Amino acid sequence: MKNKEVDSLLRFIDSSPTPYHAVANIRKDLRKQDAIELKEDENWSCEAGKTYFVIRKDSSIISFEIPAKGITENSGFNIVAAHTDSPCLKLKPLARKSVGNYQQWGVEIYGGVLLNSWLDRDLCLSGRVSYMNDGELQHKLISIDNKFFRVPQLAIHLDREVNKGLVLNAETHMVPVLGLDSKEDLNDEILRELKVKGLKANDLKSLDLFFHDAAESTYGGLKDEFIYAPRLDNLAMAHASCVAQEKAKPSEKVSVVALFDHEEVGSESAQGAGSNFLSSTLERIGLCFKKEREDFLQMLSRSFLISADMAHAFHPNYTDRHDSEHRPLINKGPVIKTNARQRYATDSKTFARFAVYCDQAEVPYQVFAGRNDIPCGSTVGPIVSTRLGIDTLDVGNPQLSMHSIREMAGSKDHKMMIKAFSEMFKE
Ligand code: CO
């Protein structure tokens with residue numbers, strides 16, 4: 001069941017260990033497609049039939065394609081929104097003093113990490129470094145992917161009860177070991193990785209670095225029916241939306257892909273889904289075509305938002321976690337997510353509209369509603385639809401091991417989601 005869509009997804013995931021890298025890779029792809037980069041602090045001018053993109057704070061990106069006939073009376077925005085960040089261990093600002101003869105560096109837990117999955121894995125370290133060079137403050141993405149670090153689990157002999165339920169203290173038990181005491185430390189490795197001549201340790205001003213799994217993504221299962229990879233939540237949906245946008249030519253609506261950082265920590269930041277990034281971008285698209293605020297508000301009411309975030313597949317070893325009617329299965333197609341308390345933004349009209357897209361694309365779809373006795377997660381969907389008042393739907397592909405360092409999904413579902421998104425982007 002190998003296919004080129006998943007091959008491309010796995011390459012994207014492995015080269016995108018952090019939201020910064022994900023956005024840099026999407027930017028590279030967009031430029032290959034002759035998309036034009038716009039800056040928030042410059043005047044914008046847009047032309048019919050062209051694709052543009054704008055990046056905020058290096059970790060959120062919005063791309064949009066204007067229909068060939070420009071913006072007409074019936075235009076609105078057809079949007080897929082997803083997120084670029086995933087739960088992980090983030091380096092704290094200052095190094096630790098050595099413990100015994102171990103070199104360590106403390107971490108903050110970013111998002112809802114399945115902590116146990118990070119034990120005894122080979123870890124790399126990537127992100128953004130800020131440093132002084134020639135009297136100027138500069139910023140660069142780095143990836144230390146040829147040195148491996150580790151959070152070692154305690155031996156069973158020293159914790160005989162461990163298999164009754166592993167209890168991990170997020171502050172004390174999750175500190176990665178970087179090496180043994182020596183004259184060199186992590187700062188020296190970062191300096192080497194920056195590849196800037198003459199730089200010294202005190203030129204390093206600030207680090208925004210994240211640990212991540214060193215292992216490559218792969219297909220899995222007897223028939224390659226699975227994907228095993230980190231960050232499927234939510235790089236899989238980020239990738240699917242970009243591929244669909246590239247493929248489908250919009251006829252009347254502006255097609256928009258909005259990928260936000262900070263979903264896993266609540267979306268409330270300048271580049272998060274709770275910010276003005278999407279609304280100001282959409283309004284500025286209208287302004288390029290001499291649309292007034294009145295026109296823009298009318299365009300919003302003709303718009304549609306698919307909030308795309310991975311869904312929980314039915315788990316064979318925990319069959320009681322789904323109700324028997326709402327059990328999304330791997331490789332059985334996109335999952336429409338509903339929740340009466342509006343943790344998902346789907347309503348019956350947006351549900352029906354997506355179901356029609358799936359029918360048109362000849363793709364099956366599934367439905368998820370949680371158990372009343374298990375609280376459900378949320379997505380950028382309710383946040384963006386609350387801010388903008390756009391008709392919104394929550395969907396995602398089914399996966400297991402969500403928020404583990406290594407997740408698992410289906411190799412057929414990815415293409416089906418791309419097809420469903422393409423139906424919307426064609427409008
Ligand atoms: Co997610």
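Some notes on this structure:
- Within the accessible area of the chain (1.4 Å probe), percent carbon and sulfur: 48
- Antiparallel bridge percentage (DSSP; both residues within the chain; nearest 5): 70
- Across the range 200-279, the relative contact order, built from alpha-carbon pairs under 8 Å that are at least six residues apart, equals 12 percent.
- Cα-Cα pairs of the range 249-290 separated by more than 13 Å (percent): 60
- The residues F351, F12, sorted by heavy-atom accessible surface at 1.4 Å with ligands and nucleic acids left out, run F351, F12 from largest to smallest.
- Take every Cα pair under 8 Å whose residues are at least 6 apart in sequence, average their separation, divide by the length of the chain, and the relative contact order is 22 percent.
- By the rule of a C-alpha distance below 16 Å, with chain neighbours fewer than 8 residues away ignored, the lysines paired with K349 are K337.
- Separation in nanometres of the label points that stand 7 Å from Cα toward Cβ, at N116 and E252: 5.3
- Sites Q33 and E427, calculated FRET efficiency, Cβ-Cβ separation with R0 22 Å, nearest 0.05: 0.60
- Backbone N atoms of the range 116-153 closer than 18 Å to the 7 Å Cα→Cβ label point of K92 belong to residues 150-152.
- Shown are D34, D224, whose ranking by accessible area with a 1.4 Å probe and every protein chain present, most to least, is D34, D224.
- Panel note: the C-alpha atoms of the range 275-427, placed on their principal axes, show extents of 57, 33, 32 Å (largest first).
- Ligands, DNA and RNA excluded, the heavy atoms of H403 present near 40 Å² of accessible surface to a 1.4 Å solvent probe.
- Residue-normalised accessible area of the chain, expressed per residue, 1.4 Å probe, Å²: 47
- Pairs of Cα atoms nearer than 8 Å and 6+ residues apart set the relative contact order; for the range 1-57 it is 24 percent.
- Extended-chain gain in nm, criterion 0.36 nm per residue less alpha-carbon gap, K195 and D323: 40.7 nm
- Solvent-accessible ranking of V356, V380, largest area first, probe 1.4 Å: V356, V380
- The modelled label-to-label distance between Q298 and S45, using points 7 Å beyond Cα along the C-beta direction, is 2.6 nm.
- Under 19 Å from the Cα of K140 - lysines, other chains or at least 8 residues apart: K28, K39, K57, K90, K92, K195, K197, K200, K205
- Mean shadow area of the chain over all directions, Cα convex hull, nm²: 22.7
- Segment D145-N372, extension gain: residue separation times 0.36 nm, minus the distance between their alpha carbons: 77.4 nm
- FRET efficiency, V99 to E161 (Cβ-Cβ, R0 22 Å, nearest 0.05): 0.35
- Altogether, the Stokes-Einstein calculation at 37 °C and 0.692 mPa s, with the Kirkwood radius of the range 89-147 over Cα pairs as Rh, returns a diffusion coefficient of 234 µm²/s.
- By the Cβ rule of 4.7 Å, the chain holds the following cysteines without a possible disulfide partner: C88, C124, C242, C358, C376.
- Taking N as its residue count, the alpha carbon Rg of the range 88-213 over 2.2 N^0.38 Å: 1.17
The values are calculated or read from the model by the stated rules, or taken from the named source; none is laboratory data. Values in this document were obtained by computation on a predicted structure and should not be read as measured data. Note that each Cβ is placed from the backbone with ideal geometry, even for glycine, and that neighbours are counted across all protein chains shown. Ligands, DNA and RNA are stripped out before the accessible areas are found, and what is left, the full protein with its side chains, is counted by its heavy atoms. Shrake-Rupley method; radii C 1.70, N 1.55, O 1.52, S 1.80 Å.
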